[in-house]
Every structure is written in C-alpha cells, then in structure tokens.
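What follows is a set of notes on a single structure, which appears directly below.
The values are calculated or read from the model by the stated rules, or taken from the named source; none is laboratory data. These numbers were taken from a predicted model, which means no experiment stands behind them. Cβ placement follows ideal geometry from the backbone for every residue including glycine, while neighbour counts extend to all protein chains displayed.
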Amino acid sequence: MKDYRQFYINGQWVKPLVKQDYAVLNPATEQEIATISLGSSQDVDVAVSAAKNAFATFGYSSVEERISLLEALLNQYMDNYDAMAHAISLEMGAPIDFSTKAQAYAGKAHIESALATLKAFEFSRIVGNAQIIKEPIGVCGFITPWNWPINQIVCKVAPALATGCTMILKPSEIAPLSAQLFSQMIHDAGYPAGVYNMVNGDGMGVGSAISAHKDIDMVSFTGSTRAGIAIAKSAANTVKRVVQELGGKSPNIILDDANIDKAVTHGVFHCMSNTGQSCNAPTRMLVPVSKYQQAVRVAKAVAAKIKVGNPAEPGNHIGPLVSAVQFEKVQALIQAGIDEGATLVAGGVGKPEGFASGYFTQATIFSEVTNDMTIAQEEIFGPVLVMIPYEDEADAISIANDTPYGLAAFIQSASPERAQKIARKLRAGMICINGAAHGFNSPFGGFKQSGNGREWGEFGFDDFLETKSISS
C-alpha cells in the first residue's frame with residue numbers, strides 16, 4: 001500500500017498542516033491501495049502563497065524558457081508512461097489496454113499540443129497605434145475529476161505552464177495516484193519552486209478554499225454541473241475568472257440514410273467505452289421510426305459482445321465503476337428507467353455474473369424511451385444507453401436539443417452535406433460526424449449547463465491570458 005500523505009508545495013513534498021487520512025480504494029477489488037491526506041484551507045493558503053511568489057518571476061519568463069521546460073516535462077512523461085497507465089488503471093478501474101492506449105496517451109498528447117501551440121502563439125501584435133499584449137492571468141486553481149484523471153490535469157496544467165501562469169491543483173481524492181506521479185514529473189523536469197503546487201483534498205475542504213481564495217485569479221473546474229454552480233457562486237465574491245467543463249447528455253442522431261448496422265454498432269461501443277464514465281459519451285441514440293426495431297436488434301446483439309473484466313488483465317473489456325457511490329447512483333438510475341416504463345433491451349440492475357466484489361455493472365440498453373424520462377435527461381455516467389425514436393429531421397433536432405446540456409453531439413449519415421446542415425442546428429460545443437475523432441487541437445467544451453470556456457490546443461490558451469493594450 002502506498003503512503004501518499006504529502007502534498008507538493010513550493011518545489012518540495014511536505015506534510016499536511018492538519019492530519020486527515022483518506023483511504024484510496026481499488027474499484028475492482030474494493031481493497032485499500034493507498035493513503036492520502038485531505039488538505040485544509042491552511043494548506044491551500046501555503047500553496048497559493050508559493051504560487052503567488054513564483055508568478056513574480058515565472059509570469060515574465062521567456063517563451064524559449066517555457067518551451068524548454070515543457071520539453072523536459074514531455075521527456076519525463078514518456079519515461080514514466082507505463083507507470084502512468086498502471087496508476088490510472090489501479091485508481092479508477094480503466095482496463096490496462098485502454099489505460100495505455102487512451103487514458104495515459106491523453107496526457108502525452110496535451111503536452112505535445114501545448115508545446116506546438118506555444119511555439120507558434122502570437123503574444124504581441126500591433127493594432128493601429130496600440131501594442132496588444134497577451135499576458136498570463138496569474139495564479140490558477142485547478143479542480144479535476146476521476147474519470148479521465150491525467151487527461152483533465154494535463155489539459156489544464158500544460159497550457160497554464162505554457163502561458164506563464166502558476167497554479168495549485170486539487171485532483172480527485174478518489175483517483176489521486178496519477179496526480180502524485182505527475183507532480184513528481186513536474187519536479188524532475190526542473191520547474192521553479194512554486195510554479196506548480198498540488199494539494200489533495202475533497203470538494204468541501206480544498207475545492208471550496210480554492211474557488212473562494214482572494215489570491216487565485218482564475219479557477220478551472222471539470223466535474224458535475226451541480227458542483228460547477230457552487231464553485232461559480234463561491235468565486236463570484238472575488239470576481240475571478242471561472243472556466244468549467246461540466247455534464248453532458250449527448251445525442252447520437254442516426255439519419256435514415258445511414259448504414260444502421262454500422263452506426264448502431266459504433267454508437268453502442270462508444271457509449272460503453274470507459275464504462276460510460278465520459279462526459280461527452282453518446283448516451284442518447286436517436287433513430288428514425290422506420291429503422292428503430294432494426295436498430296434495437298443490432299444494439300442488443302452488440303451489448304451481448306461487451307465483456308466486463310478485471311482492469312489489470314489485457315483485453316478489450318470494460319472495467320468497474322469508480323466507487324461505491326457511483327455504483328449506487330447508476331443502479332438507481334437503471335431502476336428509474338425500468339420504473340418509468342422503458343424497455344430493458346440488455347443488462348439491468350445488479351452486478352454481472354461472476355463479480356461478487358468490485359463496483360462492476362452490466363452494459364445496459366433501454367428502448368422505447370421518451371426524452372422526458374429521467375434516464376434521457378440525467379447524466380448517468382455509467383454504461384447505459386437510451387434509444388429514442390424520432391419522426392423526421394426536425395423532430396430529431398428538437399429531441400437532441402431538448403436537454404439542459406450541450407457538450408457534444410454525434411451524427412451518422414451517408415451524406416456529409418446533410419450532416420453538416422444538421423450540425424449547425426445542434427446546440428452543442430462539439431459535433432462528430434460519422435465517427436470522426438475529436439482532435440487534441442480542437443476546442444473542447446460545451447453550451448448551456450455543460451459549462452463555459454474551451455480547453456485543448458490554441459483555444460485552451462485563451463482562458464489563461466489577459467489582454468493588455470499599450471497605446472503610443
């Protein structure tokens with residue numbers, strides 16, 4: 001069992017000011033794998049002070065210096081790549097092959113993206129008689145989730161480092177192992193003391209202290225919409241910038257000209273990836289009435305091929321949900337779907353056969369779903385797909401937009417032109433047509449209650465910069 005009770009503050013590992021141990025569990029076994037400390041507002045004060053002092057120098061560092069440091073960080077990441085993949089698999093249950101190919105890969109990709117963007121970014125230009133300068137915003141507070149742990153850490157930390165900001169990170173207390181390893185990478189890459197600080201803790205303790213802190217200039221949060229609202233309210237008293245990537249209930253519109261077998265198969269597998277624990281997962285499959293029964297048959301057959309397995313073992317399977325709390329939430333929502341009259345096509349309540357321990361759940365599909373049902377409106381964050389019939393294009397667009405969220409949407413069609421026209425009518429920040437991947441240099445973020453601001457690539461730089469005009 002790992003002892004990770006220390007925080008990384010001002011360039012060194014330090015003990016918490018107040019002892020408050022927290023057990024980290026392996027979601028596949030429910031056994032304790034590490035102990036961390038839950039920080040306090042006093043720990044946050046120390047970390048923010050270190051970041052504020054470091055900003056006085058790092059905020060004026062050269063682009064060349066920041067490029068060199070990011071390159072050193074990338075080297076550290078690659079040297080520890082396999083260790084990162086194993087840490088993520090252990091802490092949140094991602095199958096090791098998926099953790100290696102997708103979860104750990106995302107951290108590498110975001111460092112590379114920040115490096116490329118930094119090398120080409122225009123921090124100064126002339127407009128009329130004014131010099132327009134982009135300067136780092138200052139001290140940043142990051143509150144990150146457990147579902148894509150290193151992805152969400154690095155897509156915030158890398159652009160902040162690239163633009164000259166200093167920071168304090170609060171990773172998820174449920175999945176803190178990857179953050180521990182990443183913090184050591186920062187240290188070994190040679191970043192000046194105080195530029196990057198990491199304090200473990202929960203939302204009520206460290207998270208609240210970060211969002212309200214008077215010396216933090218911006219907060220970037222990824223997590224639930226409920227928590228995002230609380231953070232925004234807390235941050236309002238100090239008028240700091242708040243950037244949020246929140247929940248989603250993304251529609252997957254299969255048009256009548258699409259290859260139903262191919263589109264449904266891809267849609268089911270995509271929804272179940274990461275055990276459904278992705279904010280942009282295509283969890284609402286919209287199918288024309290004329291093709292609906294065919295789509296349901298295909299979905300049922302695909303679900304039968306989805307295997308649940310031990311995340312430590314290689315293979316193409318899904319792992320457990322991250323925690324007992326998440327397991328109970330998903331089980332309750334599956335039961336709600338049954339109680340509200342949806343038809344259970346595959347899966348259902350209870351663990352899969354052969355899994356007595358661990359937070360494993362069945363790949364579940366509902367048909368005969370109407371968009372006003374709980375399972376069609378609430379973000380389940382588990383391997384649960386709802387299939388909704390629609391009459392025509394206008395009806396599909398109406399159903400797709402009938403949600404408080406607007407993170408992502410997906411369209412399947414034999415006509416790219418038709419899909420493009422529909423994409424323009426969807427109220428979502430990211431649209432993927434015919435299985436196209438969302439690149440690491442494309443903006444990540446959504447409309448409505450899915451948040452504000454954008455991450456990734458050059459678009460991820462904007463939230464870390466202030467604009468100054470010097471006229472002469």
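The requirement of being more than 30 Å from residue 354 (Cβ to Cβ), of a type in the set (Lys, Arg) and surrounded by fewer than 19 Cβ atoms within 10 Å (Cβ to Cβ) is not satisfied by residue 249. If the condition is being closer than 20 Å to residue 141 by Cβ and buried (at least 22 other Cβ atoms within 10 Å of the Cβ), then segment 17-57 contributes 36, 37, 39, 43, 44, 47, 48, 50, 51, 54, 55. Just one of the numbered conditions (1) closer than 24 Å to residue 37 by Cβ; (2) buried (at least 24 other Cβ atoms within 10 Å of the Cβ) is not true of residue 165: (1).
Can you name every residue in segment 435-472 that is over 22 Å from residue 150 (Cβ atoms), without any contact (Cβ under 8 Å) to a residue 60 or more places away in the chain and of a type outside the set (D, E, K, R)? Of everything in segment 435-472, those that are over 22 Å from residue 150 (Cβ atoms), without any contact (Cβ under 8 Å) to a residue 60 or more places away in the chain and of a type outside the set (D, E, K, R) turn out to be 436, 447. Would you confirm, using the coordinates I've provided, whether residue 211 is at pLDDT 95 or above and closer than 30 Å to residue 282 by Cα? Here the answer is no, as residue 211 does not meet what is asked. Would you mention how many residues in segment 175-190 are assigned to a loop (DSSP other than H, G, I, E, B) and crowded, with 21+ Cβ neighbours inside 10 Å? Going through segment 175-190 one residue at a time, the tally reaches 2. Residue count for segment 348-395 satisfying the condition of being of a type in the set (A, V, I, L, M), buried (at least 22 other Cβ atoms within 10 Å of the Cβ) and assigned to a loop (DSSP other than H, G, I, E, B): 3.
Among the conditions (1) assigned to a loop (DSSP other than H, G, I, E, B); (2) not assigned by TED's automatic domain parsing to the domain that holds residue 141, residue 194 misses just one, which is (2). Applying the selection to segment 315-330, what residues are in a helix (DSSP H, G or I), in contact (Cβ under 8 Å) with a residue 24 or more places away in the chain and surrounded by fewer than 19 Cβ atoms within 10 Å (Cβ to Cβ)? The answer is 324, 329. Please go through segment 180-228 and pick out each residue that is among the aromatic types (Phe, Trp, Tyr) and within 16 Å of residue 242 (Cα to Cα). Residue satisfying the conditions is 221 alone.
Of these, 24, 18, which one is closer than 23 Å to residue 199 by Cβ, assigned by TED's automatic domain parsing to the domain that holds residue 149 and modelled with pLDDT under 95? First the steps, then the outcome.
Details: 24 fails: modelled with pLDDT under 95.
When all the criteria are applied, what remains is 18.
Within segment 100-115, residues that are not assigned by TED's automatic domain parsing to the domain that holds residue 442 have Cβ atoms under 6 Å from residues that are surrounded by fewer than 18 Cβ atoms within 10 Å (Cβ to Cβ) and polar (S, T, N, Q) in these pairs: 113/441, counting only partners at least 6 apart in sequence or on another chain. Of the residues making up segment 60-95, those that are touching a residue at least 40 places away in the same chain (Cβ under 8 Å), surrounded by fewer than 18 Cβ atoms within 10 Å (Cβ to Cβ) and more than 23 Å from the chain's Cα centre (by Cα) are 60, 61, 63, 67, 71, 72, 75. Residue check: residue 265 meets all listed conditions (1) within 18 Å of residue 366 (Cβ to Cβ); (2) of a type in the set (Ser, Thr, Tyr); (3) touching a residue at least 40 places away in the same chain (Cβ under 8 Å) but one, namely (3).
Pairs are defined by a Cβ separation below 7 Å, a sequence spacing of at least 6 or placement on different chains, a first member in segment 118-130 that is free of Cβ contacts under 8 Å to residues at least 60 places away in the same chain and farther than 12 Å from residue 470 by Cβ, and a second member that is of a type outside the set (Asp, Glu) and loosely packed, with under 11 Cβ neighbours inside 10 Å; no pair meets this definition. Please go through segment 318-340 and give me each residue that is more than 25 Å from residue 370 (Cβ to Cβ) and among the aliphatic types (A, V, I, L, M), ordered by number. Once the filter is applied, which keeps residues that are more than 25 Å from residue 370 (Cβ to Cβ) and among the aliphatic types (A, V, I, L, M), segment 318-340 yields 318, 321, 322, 324, 325.
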